[in-house]
Amino acid sequence: MVHRLVTRGKETWSALSAAAQRDLDTAVAGLRAAAEEGLAEAQRNLAHLFENGHGVVLSDVAAVQWYRKAALQGDAEAQCNLAVFLKNGRGVAQSDFEAARWNMKAAERGHVEAQCNMGSLCMGGHGVAQSDEEAARWYLKAADQGQKEAQYQLGFLFYEGRGVAQSDAEAARWWHTAAKQGHRRAQFNLGGLLFEGRGVAQSDEKAVRWWIKAAEQGNSDAQYNIGGLFKLGRGVAQSDVEAVRWWRKAAEQGNSEAQNNVAGMYTKGEGVAQSNEEAVRWYTKSAEQGCVTAQCSLGHIFETGRGVAQSDVEAARWYQKAADQGDANGQYALGTLFKIGRGVAQSDVEAALWFRKAADQGNAQAQFRLGGLRLKGVGVAKSSEEAARWWQKAASQGHAEASRCLKLIAEARSGAVTLNGK
């Protein structure tokens, strides 16, 4: 009866009637008296009130004091809660070692949350020696008691082969167990295994079902994936409208890839009314988070003035951001601006440098342009052999102009034509 009355303190004090306030005061007084007489359960419940400010003044210090009294009497839940305060340094000096010590006491008494916590401490090496094997052992104890976080973490260990023999099937089994209890990361990961057919029979339809469950709980990666499946028509009827709807959900949570995709749909008018302005808005959100595809798209938009005031300087700025992250398309576009001196000071050396970076990553157009610079010795040392080598790389990817240049080089070597460079 006392405990039921005390829990009413979850309401704000001012919202309680005078009678309820008197009842709560009486309940807290009774609980405090029982705690001071040494009743462990009362000590733990009083600590909980101080932890949350229910019917008493919020106080981490008092919460620790009462949790410790109950913990010393062997109360497993109090031991587990005390460990959390020690781990986070709330109301007491932070100590991973002490947190682990009290967690261990509770875990050995079968406290499921403490067992899961021990798995986390062992995996991270916090207050105990790092051991994936010990982490797996503790997670298994908690998982067998139905603790969904432990089930998820155990699935992760099986997926990675950490502390246990790698097994996609076991990962799927434990993630499925956690997913059925509503664990959204387990739902997302299980969807991934079903999509790839790892440890389970491949099924786009089942993947979609689990991703939707995770997405409805706000998992932005799941929302992003569902959008992709609707765009492709895999596991669901193809629908650009649904693709945009799910991508927008993820985009509004800050998912940069989803923001980029929403922008692309506005650019092409697929699933939404075409709007250059909306495309720019979403590309900017994505690009500012470092998405290289969006950065390149913004560069092109500023270069062409589509939906924004044309600006070579802004184009170069966005291409530079993508190029600096190693994006071959951004590197090629930046090289082109340096070659013609738009938005940047003209520099054949810089052009050659960025063309080379993109060419090394297999960008056929950059390989072709670098071949031309090599033939003429512009910005780089002159070498017909190097020109031919880069054109060969481009030609092998189907670049028609590179194939034509190779043919001209062959004819020049036979004396049929004279090359001045391209």
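The values are calculated or read from the model by the stated rules, or taken from the named source; none is laboratory data. Because the structure is a prediction, the values reported are computed rather than measured. With ideal geometry, Cβ positions are generated from the backbone for all residues, glycine too; neighbour counts draw on all protein chains shown.
If a residue counts only when it is surrounded by 15 or more Cβ atoms within 10 Å (Cβ to Cβ) and among the polar types (S, T, N, Q), which helices (runs of 4 or more DSSP H) contained entirely in region 69-150 have at least 2 such residues?
Because the criterion is at least 2 residues that are surrounded by 15 or more Cβ atoms within 10 Å (Cβ to Cβ) and among the polar types (S, T, N, Q), the helices (runs of 4 or more DSSP H) in region 69-150 that meet it are 76-88, 112-124.
If only one of L375, L370 is surrounded by 17 or more Cβ atoms within 10 Å (Cβ to Cβ) and in contact (Cβ under 8 Å) with a residue 40 or more places away in the chain, which one is it?
Going through L375, L370 in turn, just one is surrounded by 17 or more Cβ atoms within 10 Å (Cβ to Cβ) and in contact (Cβ under 8 Å) with a residue 40 or more places away in the chain: L375.
With (1) within 29 Å of L298 (Cβ to Cβ); (2) not in a loop (DSSP other than H, G, I, E, B) as the list, and G343 as the residue in question, which single condition is left unmet?
Evaluating G343 over (1) within 29 Å of L298 (Cβ to Cβ); (2) not in a loop (DSSP other than H, G, I, E, B) leaves (2) as the failure.
For the condition surrounded by fewer than 20 Cβ atoms within 10 Å (Cβ to Cβ) and over 25 Å from I301 (Cα atoms), what is the one hit in E270, E216, E252?
On inspection, the qualifying residue turns out to be E216.
Can you name every residue in region 303-324 that is crowded, with 24+ Cβ neighbours inside 10 Å and either under 14 Å from Q259 (Cα atoms) or in contact with a Phe, Trp or Tyr (Cβ under 7 Å, 6 or more places away or on another chain) (or both)?
Within region 303-324, A315, W318, A323 meet the criteria.
Across region 55-68, which residue is modelled with the highest pLDDT among those that are in a loop (DSSP other than H, G, I, E, B) and within 36 Å of the chain's Cα centre (by Cα)?
Step by step, filter region 55-68, then rank; the result is S59.
When you check A387 against the structure, is it assigned to a helix (DSSP H, G or I), over 25 Å from Q320 (Cα atoms) and of a type in the set (G, A, S), yes or no?
yes
Which condition does A19 not pass, out of (1) of a type outside the set (S, T, Y); (2) at pLDDT below 95; (3) within 25 Å of R90 (Cα to Cα); (4) surrounded by fewer than 20 Cβ atoms within 10 Å (Cβ to Cβ), if it passes all the others?
Unmet for A19, out of (1) of a type outside the set (S, T, Y); (2) at pLDDT below 95; (3) within 25 Å of R90 (Cα to Cα); (4) surrounded by fewer than 20 Cβ atoms within 10 Å (Cβ to Cβ): (3).
Residues in region 30-54 that are among the hydrophobic types (A, V, I, L, M, F, W, C) and either under 36 Å from the mean Cα position of the chain (by Cα) or crowded, with 23+ Cβ neighbours inside 10 Å (or both): how many?
The number of residues fulfilling the criteria is 5.
Looking only at residues in region 388-422 that are modelled with pLDDT under 95 and touching a Lys or Arg at 6+ places or on another chain (Cβ under 7 Å), which one is surrounded by the fewest Cβ atoms within 10 Å (Cβ to Cβ)?
Checked region 388-422; the qualifying residue surrounded by the fewest Cβ atoms within 10 Å (Cβ to Cβ) is G421.
Select the helices (runs of 4 or more DSSP H) contained entirely in region 266-334, then report the ones holding at least 2 residues which are among the polar types (S, T, N, Q).
Fully inside region 266-334 and qualifying: 276-288, 292-304.
Given Q147, Q130, Q73, which one is in contact with a helix residue (DSSP H, G or I) (Cβ under 9 Å, 6 or more places away or on another chain), closer than 27 Å to Q166 by Cα and touching a residue at least 24 places away in the same chain (Cβ under 8 Å)?
Q147
Which of the residues belonging to region 235-267 are within 18 Å of Q217 (Cα to Cα), within 18 Å of the chain's Cα centre (by Cα) and of a type outside the set (D, E)?
Answer for region 235-267, where residues must be within 18 Å of Q217 (Cα to Cα), within 18 Å of the chain's Cα centre (by Cα) and of a type outside the set (D, E): W246, W247, R248, K249, A250, A251, Q253, G254, N255, A258.
Scanning for something outside any loop (DSSP other than H, G, I, E, B), free of Cβ contacts under 8 Å to residues at least 60 places away in the same chain and more than 21 Å from E133 (Cα to Cα), does region 163-176 turn up at least one residue?
yes
Based on what the data block shows, is E160 charged (D, E, K, R), modelled with pLDDT of 95 or more and closer than 26 Å to K105 by Cβ?
Answer is no for this residue.
Would you mention how many residues in region 161-212 are over 19 Å from the mean Cα position of the chain (by Cα) and among the aromatic types (F, W, Y)?
1
Kindly indicate whether any position in region 89-100 is acidic (D, E) and at pLDDT 95 or above.
Checking region 89-100: at least one residue is acidic (D, E) and at pLDDT 95 or above.
Which of the numbered conditions does G343 fail, given that it passes all the others? Conditions: (1) on the phi < 0 side of the Ramachandran plot; (2) surrounded by fewer than 22 Cβ atoms within 10 Å (Cβ to Cβ); (3) of a type outside the set (A, V, I, L, M); (4) modelled with pLDDT of 95 or more.
The single condition G343 does not satisfy is (1).
Kindly indicate the residue of region 196-213 that is touching a Gly at 6+ places or on another chain (Cβ under 7 Å) and surrounded by 20 or more Cβ atoms within 10 Å (Cβ to Cβ) and also nearest to S256 (Cα to Cα) among those meeting that condition.
That would be W211.
Give the residue that is surrounded by the fewest Cβ atoms within 10 Å (Cβ to Cβ), with candidates limited to residues of region 230-249 that are hydrophobic (A, V, I, L, M, F, W, C) and over 24 Å from Q289 (Cα atoms).
A237
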